[in-house]
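The values are calculated or read from the model by the stated rules, or taken from the named source; none is laboratory data. Being a predicted model, the structure only gives us computed values, none of them experimental. In this analysis, Cβ positions are derived from the backbone assuming ideal geometry, glycine residues included, and neighbour counts consider all displayed protein chains.
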Amino acid sequence: MAKAYFIGSDEVLEVRKIFCIGRNYAEHAKEMNAAVPEAPIFFLKPTTAIIGNGGVIIKPAISNDLHHEVEMTVLIGRGGKDIQKTEALGCIAGYGIGLDMTLRDVQSEAKKKGLPWTLAKGFDTSAPLSPFVPATQIQDPHNLGVRLDVNGATRQLSNTKNFIFRIEELISYISRFFTFERGDIIFTGTPDGVAQTGAGDRLEAQLLSPANTVLASLNVRIQ
């Protein structure tokens, strides 16, 4: 079972489910030529997709177009069903940074045929994940920087204040259909700037405070 770790703590949670939000930044929806959704869009990744800091992303041979998508991650500490928005933030154990690695060509072909695109999003090593900052240390999760550098050059940079759907809305909506468990993770959506990456690339993702202090970081490479 995959594990979720905390920064500055020995506490460890077993990861149960991984929910990934699509199109939660208007600029990303625009760059993908997609409509801004009226309700949260989400899909699942298996826990076997997770790799940690210092890990290696392995692109399946079926694809020639691996894309990076940096996202703030949310770790659920208290589960439940039909969670109210007013109670949602109290269910969170921590915040981190992650990458939703995507086989864009595989995804595009599946979309054209009206087929599921689980392979494009859920392959092994497709969910690099940082350790989590305890939620008690985050004053406002909707004012945090999200950054990705590839080989030292910034590719993606935004702020969670640009979410279309706030975290409490995501938790409340998803919990109408899926019961949250302690150890579930939410990838909250990627900002604009997604692009192709390839063998030898080094990716550094950061979750930043309003003062641009690094709260959580993730360093991985592409094999």
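A few points about this structure:
- Here His28 passes the criteria (1) free of Cβ contacts under 8 Å to residues at least 60 places away in the same chain; (2) crowded, with 17+ Cβ neighbours inside 10 Å; (3) not hydrophobic (A, V, I, L, M, F, W, C) except the one numbered (1).
- Of the criteria (1) surrounded by 14 or more Cβ atoms within 10 Å (Cβ to Cβ); (2) modelled with pLDDT of 95 or more; (3) in a loop (DSSP other than H, G, I, E, B), which one Cys20 fails: (3)
- Being out of contact with any Leu (no Cβ under 7 Å at 6 or more places or on another chain) and of a type in the set (Lys, Arg) is a property that Arg166 has.
- The one condition in (1) among the aliphatic types (A, V, I, L, M); (2) modelled with pLDDT under 95; (3) assigned to a strand (DSSP E or B) that Ala35 fails to fulfil: (3)
- Filter result (farther than 24 Å from Arg147 by Cβ and under 17 Å from the mean Cα position of the chain (by Cα)) within the stretch 15-42: Arg16, Lys17
- Verdict on Phe123 being within 15 Å of Ser217 (Cα to Cα) and of a type outside the set (A, V, I, L, M): no
Okay, residues lined up against (1) surrounded by 20 or more Cβ atoms within 10 Å (Cβ to Cβ); (2) polar (S, T, N, Q):
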{"site": "Ile97", "(1), (2)": "yes, no"}
{"site": "Leu119", "(1), (2)": "no, no"}
{"site": "Ser158", "(1), (2)": "yes, yes"}
{"site": "Arg176", "(1), (2)": "no, no"}
{"site": "Ile186", "(1), (2)": "yes, no"}
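- For the stretch 113-150, taking the residues that are aromatic (Phe, Trp, Tyr) and in a loop (DSSP other than H, G, I, E, B), the one that is nearest to Val12 (Cα to Cα) is identified as Phe123.
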